[in-house]
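Sending over a structure as structure tokens; questions will come in a sec.
The values are calculated or read from the model by the stated rules, or taken from the named source; none is laboratory data. All of these numbers come straight from a predicted model, not from anything done at the bench. Ideal geometry is used to build each Cβ from the backbone, glycine not excepted, and the neighbour counts take in all protein chains shown.
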Amino acid sequence: MNLTSVNKEKCIRCGFCVNVCPEQVFILGEDGPEEVCPENCLACGHCVAVCPKEAMDNIKTPLANQVSAKKFPKLSPEEAGNFLRSRRSIRSYKETPVSREKLIDLVNIAHFSPSGHNLQGISYSIIDDRKLLDQAVKLVAEEFEKDNLLSEFIKPYREKGIDTILRGAPCLILATADINFLRGRENSIFSLTYLELYAPTLGLGSCWAGVFERIACRDNSPLLTLFNIPKDKKITGAVMVGYPKYTYPRLVDRNPLEFTFVDR
């Protein structure tokens, strides 16, 4: 059974679909593209997306499910640069709850991120119950104390009740993957980076929960039970989300750029 179908009346034999396919699924025949290795298809959708005449269709990435990119304006280099630089790590949040519609919007964009070999494989657990997050913070602190780790970091939590782990964020988004999925961590990083970049467009702020991850991503972490993570899944990433308590009217600089061109 072929994965693709070609409208021969529309096809102009440009060969674009053949050339962009990363797995050499097609050759260009007399009547247009022909499948030679359909089993290699990654479901990346390039063959359908690149066709200038909408002549190509693919069962794995149907033309009907693709959206025209022509109607979207392109950001200028300056606009894109400012957009990327304006993202901040937010560690102070309002107590205002975030609607579940916005949280779904976040993970929806996250799942469009690139992934190794287009395997994707990332799912999400969204926690918007602050009482449950308080339990998670308590568990993380206890685990650190058992291992005698980050004692100075945990000290404000124990002595003053300051949440140094999830920063009082009203929401936490976990990336999860199958236990044996080797690309789970790297695909989660791609995915949650998309989420973080998109969050400000919804008026939200975010921050990578790196300290929390040190416990959450462990095998047999107590957080797996707390958050009802399926037994065949593991936590592969975590990001705090909420409405920022403060705004940042300036773009912060970085250390001086270092780069080289490598020649022979």
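If a residue has to be of a type in the set (G, A, S) and buried (at least 16 other Cβ atoms within 10 Å of the Cβ) to count, how many in the stretch 3-34 make the cut?
Residues that pass the stated criteria total 1.
State which residue is surrounded by the fewest Cβ atoms within 10 Å (Cβ to Cβ) when the search covers only the stretch 104-118 and only residues that are of a type in the set (A, V, I, L, M, F, W, C) and either in a helix (DSSP H, G or I) or free of Cβ contacts under 8 Å to residues at least 40 places away in the same chain (or both).
Among those that are of a type in the set (A, V, I, L, M, F, W, C) and either in a helix (DSSP H, G or I) or free of Cβ contacts under 8 Å to residues at least 40 places away in the same chain (or both), it is I104.
Looking at A49, is it small (G, A, S), modelled with pLDDT of 95 or more and either out of contact with any His (no Cβ under 9 Å at 6 or more places or on another chain) or part of a helix (DSSP H, G or I) (or both)?
Taking the combined requirement at face value, the residue satisfies it.
With (1) in contact (Cβ under 8 Å) with a residue 24 or more places away in the chain; (2) more than 19 Å from the chain's Cα centre (by Cα) as the list, and R158 as the residue in question, which single condition is left unmet?
(1)
Here is a further query. Scanning the stretch 211-234 for residues that are buried (at least 17 other Cβ atoms within 10 Å of the Cβ) and part of a loop (DSSP other than H, G, I, E, B), which turns out nearest to the chain's Cα centre (by Cα)?
Applying the filter and picking the extreme gives C217.
Step by step: first the residues of the stretch 175-190, then only those that are aliphatic (A, V, I, L, M) and in contact (Cβ under 8 Å) with a residue 40 or more places away in the chain, then the one that is nearest to I104 (Cα to Cα). Which residue is that?
Looking at residues that are aliphatic (A, V, I, L, M) and in contact (Cβ under 8 Å) with a residue 40 or more places away in the chain, I get A175.
Oh, and also: Evaluate the following for E101: is it out of contact with any Asp or Glu (no Cβ under 9 Å at 6 or more places or on another chain), touching a residue at least 60 places away in the same chain (Cβ under 8 Å), in the same structural domain as F190 (by TED's automatic domain parsing) and farther than 30 Å from R254 by Cα?
So E101 fails the test.
May I ask you to verify whether I90 is touching a residue at least 60 places away in the same chain (Cβ under 8 Å) and either outside the structural domain of D128 (by TED's automatic domain parsing) or in contact with a strand residue (DSSP E or B) (Cβ under 6 Å, 6 or more places away or on another chain) (or both)?
So I90 fits the description; yes.
When you scan the stretch 126-162, how many residues do you find that are closer than 23 Å to T236 by Cβ and not in a helix (DSSP H, G or I)?
7
Moving to a separate point now. Return the only residue of C47, C41, C37 being of a type outside the set (F, W, Y) and either exposed (fewer than 15 other Cβ atoms within 10 Å of the Cβ) or closer than 30 Å to K245 by Cβ (or both).
Among C47, C41, C37, only C37 is of a type outside the set (F, W, Y) and either exposed (fewer than 15 other Cβ atoms within 10 Å of the Cβ) or closer than 30 Å to K245 by Cβ (or both).
A further question follows. Of the residues in the stretch 55-96, how many are surrounded by 13 or more Cβ atoms within 10 Å (Cβ to Cβ) and assigned to a loop (DSSP other than H, G, I, E, B)?
Qualifying residue count for the region: 12.
Within the stretch 119-133, count every residue that is over 30 Å from T61 (Cβ atoms) and touching a residue at least 12 places away in the same chain (Cβ under 8 Å).
Qualifying residue count for the region: 5.
Within the stretch 176-188, track down each residue that is under 20 Å from F227 (Cβ atoms) and in a helix (DSSP H, G or I).
G184, R185, N187, S188
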